[in-house]
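The values are calculated or read from the model by the stated rules, or taken from the named source; none is laboratory data. Quantities reported herein were computed from a predicted structural model and do not represent experimental measurements. Cβ sites come from the backbone with ideal geometry, for glycine too, and all protein chains shown count toward neighbours. Note: areas computed on protein heavy atoms with side chains; ligands, DNA, RNA excluded. Shrake-Rupley method; radii C 1.70, N 1.55, O 1.52, S 1.80 Å.
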Amino acid sequence: MDHVAEAAVDDIVRGAVHFGSGGGGDPYLGQQLLAAAVRRHGPIPLVRPGMLDPDALVLPVVSAGTPYALAEKAHSTLEAETLRAAVEARAARACAAVLPIQLGAINLAVALAVAAELGLPCLDSDLMRRTLPSIDMTLLGLHGHPAAPITVVGGAGVVAEFSQGDPTVLGRLVRAVMPSLGLVALVSAYRVNAGDCARLGVVGSVTECARIGAALGAVSPAVAGGYEPYLRACGGRLLCTGTVAELVQHSTDGWPRGVVSLQTADGFVRIDFQNENLIVSGEGIVLATVPDLISVADAGTGALMQTVDLALGQVVHVITGPADPRWHTPGGHAMVGPRAFGYAVDPVRFDGARPVAAVR
């Protein structure tokens, strides 16, 4: 892709839901934000990192806060301009493009919308190749690139900056200021140029979302093999099918956390989530874990669901897919594996060829 036109919006957002792994925010809101930006400003140019000067400064963008607050108070052009001005003033040079930090439905849409508002191209790239709940959990961070400086711009024009520090602590500080900013803010982190993105090698992210999203749009849930277009596109597989028997959730540090229990033909299957789905287990066996992708699809419509929106009695499919292989390294597991989220569980790496006989 060389631009994002309105005709591509639905596919891009559907694909971003895949990379959201059960989180990433309301896809309808993401679709509305992105479609509105394209209607106001026209198609959004996409560029790959190698098309820019390696020293070209890019503007990493993520939307912090709760999707529910964002539905009532969308980001404005003023916030985008304030964020850009703060980053450019610190770097003493202009930004050449916007860089999505993650691929969730909200955050990919917001990054593209910010590019449109600022009249900049958007990099066909990202820093996670999925959605993760903290700004320090990126492939740049995995390669030793500091998350600081971090700039946070609230809806009232308040700017908070964190110039240095431990990335985990900085992530907590960003979350700590969110209530005072009305639970919605635009955030930029990492001093990064196009050359850094090219060396990182996560390219084609927006294009990949569009490709997978188009396959999701072709799913026919009532037909045998109706999920094959999507499974082929994402390299995933259907892990099990079950009925939602229980959903327990609470919020800590602004993150929805909880457990979903599914009644399957062979017993109960449990999904543990913190924003995103992190662990699937059944009959005492761990079947799939973060950093791989774990999605839940409504069996009636084929649409991928936000885990917090599941309803008792709903019949769903659990689908797993591979993450970027760099997350499956000792450093990657330490940063975003199950133990990083407080679970005494070793990572289980996705194997598309491995049948699952214990649950279906």
Tell me which residues, restricted to the stretch 130-145, are over 16 Å from GLY25 (Cα atoms), assigned to a loop (DSSP other than H, G, I, E, B) and in contact with a Pro (Cβ under 8 Å, 6 or more places away or on another chain). ASP136
So, ILE135, is that one buried (at least 22 other Cβ atoms within 10 Å of the Cβ), at negative phi and within 17 Å of the chain's Cα centre (by Cα) or not? yes
Selection status of ASP298, open to solvent by 20 Å² or more (accessible area, probe 1.4 Å), modelled with pLDDT of 95 or more and of a type in the set (Asp, Glu): yes
Total residues in the stretch 156-175, condition assigned to a loop (DSSP other than H, G, I, E, B) and within 23 Å of the chain's Cα centre (by Cα): 1
Unmet criterion (only one of (1) at pLDDT below 95; (2) within 22 Å of THR168 (Cα to Cα)) for ARG339: (1)
Check LEU120 against each of (1) in a loop (DSSP other than H, G, I, E, B); (2) crowded, with 23+ Cβ neighbours inside 10 Å and name the one condition it does not meet. (2)
Among GLU117, GLU81, which is the only one that is touching a Lys or Arg at 6+ places or on another chain (Cβ under 9 Å), within 20 Å of GLY182 (Cβ to Cβ) and of a type in the set (Asp, Glu)? GLU117
Cβ-Cβ under 7 Å pairs, at least 6 apart or on other chains, the stretch 331-353 side farther than 26 Å from TYR230 by Cβ, far side of a type in the set (Ser, Thr, Tyr) and modelled with pLDDT of 95 or more: VAL345/THR289
Where in the stretch 1-115 are there helices (runs of 4 or more DSSP H), lying fully within it, with 3 or more residues that are within 21 Å of THR207 (Cα to Cα) and open to solvent by less than 20 Å² (accessible area, probe 1.4 Å)? 9-20, 27-41
From the set of residues in the stretch 141-163 that are among the aliphatic types (A, V, I, L, M) and open to solvent by 10 Å² or more (accessible area, probe 1.4 Å), which is modelled with the lowest pLDDT? ALA156
Within the stretch 304-316, work out how many residues are within 20 Å of the chain's Cα centre (by Cα) and not in a loop (DSSP other than H, G, I, E, B). 4
